[in-house]
Every structure is written in C-alpha cells, then in structure tokens.
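Chemist: Dumping the structure here so I can ask a few things about it.
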C-alpha cells in the first residue's frame, strides 16, 4: 500500500488538508434521514455542522416522522433537541437552530420586507408597515435607535406547537432568533443580534425577542 494511504489510515490528516478534503454526505442517499421539509432542513444543517454519524444518532427513527400525529411530532422534536444538546452542547445546538431560522425566513418574506423598507422613509415607518402585514408577529416595537422588541402570542411552528410536554430549554426556539435576524439583516443590509427571552413551548404565555441593531 502506498505511504500516502497508510498515513491517512493511521493518522488524522493535518488541519490544513482536512479543510480541503471533501467528505461525501450519506444523508442524501440514506432513506432513514428526511431530505425534505423543515426536518430535512434541520438534518442537513446538523450534518453540515457536525458529521453524519452524529446526525444518525440525533435523528434516530426519523424515517417515521411523516407518519406521526402532531403531538407525536412535537415529542420527537423535543427528543431530537435533547440529543443535539447532549451531543454538541447548548451553544452549538442553539446556533444550528438559528441556522434553521435563517432558512425558514425564505425569499418571499425577505423580498416583502425589502420592498417595505424601500417604500419607507425610516426604519420606524418600515416597522409600522411590517406590523400591518403581520410579518414578524405584528407587534414589533422600536424601543430606541438600537433596539427592537417583538414576539408572538401563539406558536406558529407546526412541528412543535401541539406539544403536550413543555420543552425544558429555549434551544428549539432559537429558530426564531435566526428568522428575525434574517428579516432585519435583509432590511438593514448588515448583521444584527437577536435574543430570546421566553417561549410558549417552554411554558410562557408568549414568545418574546429583542433585536439588537
């Protein structure tokens, strides 16, 4: 066997070379992992940020997800989030869910927000128009020149809104921090930071967010 192959079998490749290596994804060909819908999007991001083996552990039994009732889907997503937190840590899990939110705020919402901003003479006016359309929850409020608050009075996520058991952490709802970030980064053309204060699926009466401009 050539020395080149022996090195890669017995040792990890150097970082500079590992970054250049393309490792084929098995997610796209494994029928046990969803490839479409929101759960497919989550699977793709988990695999991209972690690896295929971790993906399979986190999304074990995902092939049955389409057959579940809404409460069963919520229970499964709760389990997935707990596995994700245990496998990757809270910070990574939150960032993965934030990535889902960036994708969830799709081109239609982005284009609508961009158009409203172009039609407005100020950010305050744009926020008023967003509230009239309901985009962003309908109660966005400019607290000062650097801060916007907003939220939802009911859960809009079809995957978890029928949960019968409270989620123990806010991790899943970082999807919404990503959604808000995408929305306002589209409007402003620059990065923003979003904090989540509370969530309905964790037992609160509403979901509340702070957007830092």
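Laboratory data are not the source of any read-out in this text; all were calculated from the coordinates shown. This one's a predicted model, so the numbers in the text were calculated from it and none came from an experiment.
Chemist: Ignoring everything except DSSP H segments at least 4 long, calculate the 222 nm mean residue ellipticity for the chain; use -39,500 (n - 2.57) per segment, divide by total residues, nearest 500. Before the final figure, lay out each step's value.
Modeler: Working: 9 runs with 104 residues, N = 213.
Taken over the chain, the calculation gives -15000 deg cm²/dmol.
Chemist: Grab every C-alpha pair in the stretch 69-213, bin the distances at 5 angstrom width from 0 up to the longest one, and report whole percents.
Modeler: Binned Cα distances yield the sequence 2, 10, 18, 23, 19, 13, 8, 5, 1, 0.
Chemist: Would you mind calculating the relative contact order of the stretch 85-167 from Cα pairs under 8 angstrom and at least 6 residues apart, reporting the percent as a whole number? Can you show the working numbers first?
Modeler: Numbers: 44 pairs, mean separation 10.5, N = 83.
For the stretch 85-167, the relative contact order is 13 percent.
Chemist: Here is a further query. How high is the relative contact order of the chain? Use alpha-carbon pairs under 8 Å, at least six apart in sequence, and give a whole percent. Intermediate results must be reported in sequence, preceding the final value.
Modeler: Working: 278 pairs, mean separation 41.5, N = 213.
Answer for the chain is 19 percent.
Chemist: Using a/c under 1.5 as the rounded threshold, could you call the stretch 146-213 rounded, prolate or oblate? The axes a ≥ b ≥ c are square roots of the C-alpha gyration tensor eigenvalues, and prolate needs a/b larger than b/c, oblate otherwise. Show your work: numbers first, answer last.
Modeler: Values: a/c = 2.51, a/b = 2.10, b/c = 1.19.
Because a/c hits 1.5 or more and a/b exceeds b/c, the stretch 146-213 counts as prolate.
Chemist: Still on this structure, I have one more. Can you give me the Cα centroid spacing of the stretch 52-128 and the stretch 141-195 in angstrom?
Modeler: Here the answer is 10 Å between Cα centres.
Chemist: Also, I was wondering about something else. Below 8 Å, C-alpha to C-alpha, sequence gap of six or more: please give me the relative contact order for the stretch 103-212 in percent.
Modeler: Numbers: 154 pairs, mean separation 30.7, N = 110.
Result for the stretch 103-212 is 28 percent.
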